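A.B. asks: Mind looking over this structure? Questions follow.
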Amino acid sequence: MDGYPDGRAPYAADPSASRGRLFSEPPSPTRTPFQRDRDRIVHSTAFRRLAHKTQVFVYHEGDHFRTRLTHTIEVAQIARALAKALGLDEDLSEAVALGHDLGHTPFGHTGEDALDACLSAYGGFDHNSHGLRIVTELERRYAEFDGLNLTFETIEGLVKHNGPLVDAGGAPLGRWRARGVPEAILAYDRRKSLELWRFPSLEAQGAAIADDIAYNAHDVDDGLRAGLFDLAAIRAVPFIARLLDEVDRRHPGLERSRVMHELGRRLVTRFIEDAIDEARRRIKHDNVGSIGEVRAAKNALVGFSPPLAEAQEAIKGFLFANMYRHPSVARVRQSADEAVRRLYDVFFSEPAKMPSEWALSAEAAHARDGEAGRARTVADYIAGMTDRYAIAEHRRLFDEAPDLR
């Protein structure tokens, strides 16, 4: 099946045929629209803050544990590898990967859960929809528009990289069935339709599975480095046991640190290779020949084969029990949860304790939308904090830092 002159597959996203931006801009003479999107994300304030936002451990526990930024870079590298192998637009896949975590709060998923609870009466908090608001409203750098004014294809990928949000009739799917699609996503969709019932590009689907690959591999590595479990314990996962046996056969007596690295690289490699093979199989099986057919597909076209999907679930199950619910991690999570809730309560009841520009925004939002507007502004302020800034704000307000060790 023929593709584009530059070697991309016929079902790849075509930057020259982009559906454009919310605000029209003249084209760049040196970069494609997707390259400009990638560069705008990299130069954004929210992207820089990822360097000091927790992945699983609080940032100051050690220099060798992942942050949101190092995780994002790893996801982008894997996404580009998948895109290259499948003949996709590497720049679009990288842009989606680099932007997929912009909406995360300080203190990892604990911070998100705490803000979600605080905003339960006002629609809750979701990092994905908050990320959309960052790239469409909250980044205020350009003279002519708020946000980054990204292309439809990148926005679509950020919102739908895990698949459609609604069915053909508009009913919410998956995690959104219980609470509905976040208003921030619906509001943008009313301005420029994201076709929430359709799948995103293969580039976005590749970025999503790259996130899964990176997450599992580096959480295994971080958990081993932190001593939350050892190599003997993780052999309980048959897939990992086979990889460790392979390392032992090829390199008998190898020191522990090198065994850990060899395990990590094999995890990433096997999952990438499987995702490439499985994507090719699905594309061929469904006779997909255009990006329109990608979006109209009944199922995701990028995924793992059944054996690797089973292995992924086994790894997640092990990490959930032995890492995410480990007593030392749970203790930090509890302190972080309390810190975020205390910050929210103070700023909601006394917005003047936020910096002046945020206090004014909260006042304007309250006048426009009532308590819901004030709550959302307070959440925007807290969500934008790095771990260390949140700790500093807690110390300023309560004369003590949360115990996060």
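A.B. asks: In region 297-405, with Lys and Arg counted as +1 and Asp and Glu as -1 at Cβ, which of these residues, LEU308, HIS366, ASN322, has the Cα nearest the positive end of the dipole, that is, farthest along it?
C.D. replies: It is LEU308, whose Cα lies furthest towards the positive end.
A.B. asks: What nm distance separates the two modelled labels at THR30 and SER120, each placed 7 Å from Cα along Cα→Cβ?
C.D. replies: Here the answer is 5.2 nm between the modelled labels.
A.B. asks: Given charges of +1 on the Cβ of Lys and Arg and -1 on the Cβ of Asp and Glu, with all other atoms neutral, how large is the dipole of region 314-405 about its Cα centre, in debye to the nearest 20?
C.D. replies: Dipole of region 314-405, to the nearest 20 debye: 460 debye.
A.B. asks: Then there's this: For an R0 of 45 angstrom, estimate the FRET efficiency from the Cβ-Cβ distance between ALA241 and TRP197 and round to the nearest 0.05.
C.D. replies: Efficiency computed from Cβ-Cβ geometry: 0.60.
A.B. asks: While we're here: Taking LYS353 as the anchor, which lysines have their alpha carbon closer than 29 Å to its alpha carbon, excluding any fewer than eight residues away along the same chain?
C.D. replies: Partners within reach: LYS53.
A.B. asks: With each label point set 7 Å from Cα along the Cα-Cβ vector, what nm distance links ARG140 and ARG388?
C.D. replies: With each label point 7 Å from Cα toward Cβ, the separation is 2.6 nm.
A.B. asks: Within the set of other residues whose C-beta is less than 12 Å from the C-beta of GLY223, count the net charge using Lys and Arg as +1 and Asp and Glu as -1.
C.D. replies: -1
A.B. asks: Can you give the longest stretch of the chain with no exposed loop site, where a site means GluC sites (Glu not before Pro) in a DSSP loop (not H, G, I, E or B) with at most 10 other C-beta atoms within 10 Å?
C.D. replies: It works out to 256-399.
A.B. asks: Additional query: Would you compute, from DSSP H runs of 4+ residues alone, the mean residue ellipticity of the chain at 222 nm, taking -39500 (n - 2.57) per run and dividing by the full residue count, rounded to the nearest 500?
C.D. replies: -18500 deg cm²/dmol
A.B. asks: What's the longest piece of the chain with no exposed chymotrypsin sites (Phe, Trp or Tyr not before Pro), counting a site as exposed if DSSP puts it in a loop and it has at most 13 other beta carbons within 10 Å?
C.D. replies: 143-405
A.B. asks: Report the residues of region 279-317 in range of a label on ASP167: point 7 Å along Cα→C-beta, backbone N strictly under 19 Å from it.
C.D. replies: Residues 296-300 qualify, since their backbone N sits under 19 Å from the label point.
A.B. asks: Can I ask one more? Where in region 279-321 are there trypsin sites (Lys or Arg not before Pro) that are in a DSSP coil and have at most 13 other Cβ atoms within 10 angstrom of their Cβ?
C.D. replies: Answer in residue order: LYS298.
A.B. asks: Here's something else I'd like to know. Per 0.36 nm of contour for each residue apart, how much would the distance between GLN77 and ARG258 grow if the chain were fully extended, relative to their Cα-Cα spacing?
C.D. replies: 63.0 nm
A.B. asks: Okay, next question. Which value, in nm² and rounded to one decimal, describes the direction-averaged projected area of the C-alpha convex hull of the chain?
C.D. replies: For the chain, the mean projected area of the Cα convex hull comes to 21.1 nm².
A.B. asks: State which entries of LYS84/LYS160; LYS192/LYS284; LYS192/LYS316; LYS84/LYS284; LYS84/LYS298 exceed 28 angstrom in Cα-Cα distance in the structure shown.
C.D. replies: In this structure, LYS192/LYS284; LYS192/LYS316 exceed 28 Å between Cα atoms.
Values in this text are rule-based calculations from the coordinates and carry no lab data. Bear in mind the structure is a predicted one, so any value in this text is a computation, not a measurement. Neighbour counts are summed over all protein chains in view; Cβ atoms, including those assigned to glycine, are modelled from backbone coordinates with ideal geometry.
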